[in-house]
1. Lys/Arg Cβ at +1, Asp/Glu Cβ at -1, dipole of the chain taken about the Cα centre: which of Val46, Leu31, Ala133 is farthest positive-ward?
2. Under a 10 Å cutoff between Cα atoms, tell me which one of Ser260, Ser151, Ser170 has the largest fluctuation in the Gaussian network model of the chain.
3. Return the single residue from Val138, Val177, Val115 with maximal mean-square fluctuation; model: Gaussian network over the chain, springs between Cα atoms under 10 Å.
4. Got a sec? Charge dipole of the chain, +1 on Cβ for Lys and Arg, -1 for Asp and Glu; which of Thr146, Leu99, Ile234 is way out at the positive end?
5. In nm, to one decimal, how far is the Arg66 label point from the Arg117 one, both placed 7 Å along Cα→Cβ?
6. How far is it, in nm, from the label point at Asp176 to the one at His258 when both lie 7 Å from their Cα along the line to the Cβ?
7. Search the structure for amide H atoms under 5 Å from the amide H of Leu158, placed 1.01 Å from N in the peptide plane, and list their residues when 5 or more places away or on another chain.
8. Running a GNM on the chain with Cα contacts under 10 Å, which residue among Gln254, Gln166, Gln55 ends up with the highest mean-square fluctuation?
Amino acid sequence: MNSLVTPWNESLDVSVPARAPALVETDLASLDEHLDGLFDGRLSAVLIKRVASDQDCSRIFDNFMRSPGLYQRSDGVSGRMVGTNAFMKDTAAMLLDYLRNNGYAELLFEGANNVFRLLYDAIEDAGHRFRPAYINGVPSPTHRATIWDDSCIEQLVLKAHTDWPQVRHSGREYSDVTHPIAVNFYPRHPDGKASCVRLYDLVPTAHWLRERGIHAGGYPIDFAELHEVPYLDIVPSSGDMLLFAAANVHSVFQARGHASDVRLNINGFIGYSRRANRVLAWV
Ligand SMILES: O=C(O)CCC(=O)C(=O)O
């Protein structure tokens, strides 16, 4: 990666393509070798293979499908969800959403290994101090589950966006995290290359986002604007966990295949906060 990975630098020239982000593949036992690189922005993507067994994946997927907390998002980002949707919410609205939805997100792992706990154990075993961020005295939710179902052009089921404005402008404990990492666990993922996360070598500046009227949320970024930007398509399998630099623009593609091609993502964020002197987790 190159200098474009530094978020929030007003002077970045986002129109100059650079080389595409690189992917490291590993397993949970070797994750410690890559954590520092993620936290300090040298590494853009780490795919941790097989963090969950087939049996646990099926259990977690069933828990999602049968959850009394399953709902359709209605905030302009289309998806079926279980858990807290923090997008563009102030703290009061977010805590109300937490009350209504977070218990259901915690129950998704009932009867299975909780892979977020496995990740957090690995972070601590690697020598990092770690805890959930606190929001107005309340521990933050750490994950929520989504089947993205936008039906827009070119098989994009989640439009391109950057997550840094939501971190930076949150006013929350994690707002000083310079390199937010998206944690994505896929209990169900279509086989083959029908579906992928596209990670661009582009961290838009505040100025670039403001010009497009998306300075607050970083969403959505027009597909047509990204034609010349190098990217990496990442194709996880069911049971994998993907960690990637969430400030980089990214989107999700899914071919209209069979009904069985379900893509369920349980995700949240982690990142090193200098102020808290810890790795924090949040959604
Ligand atoms: O579903 C994915 O793989 C990525 C999700 C994502 O980018 C997001 O939740 O912001």
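Each value in this text was obtained by applying a stated rule to the coordinates, not by laboratory testing. Source: prediction; values computed, not measured. Cβ: placed from backbone, ideal geometry, glycine included. Neighbour counts: every protein chain shown.
1. Working it through, the farthest residue towards the positive pole turns out to be Ala133.
2. Comparing Ser260, Ser151, Ser170 in the GNM, the peak value goes to Ser260.
3. Judging by the Gaussian network model, the answer is Val138.
4. My answer, from the dipole projection, is Leu99.
5. Each label point is offset 7 Å from its Cα along the Cβ direction, giving 2.0 nm.
6. 5.2
7. Under 5 Å from the amide H of Leu158 lie the amide H atoms of Val252, each far enough along the sequence or on another chain.
8. Checking each option, the largest mean-square fluctuation is seen for Gln55.
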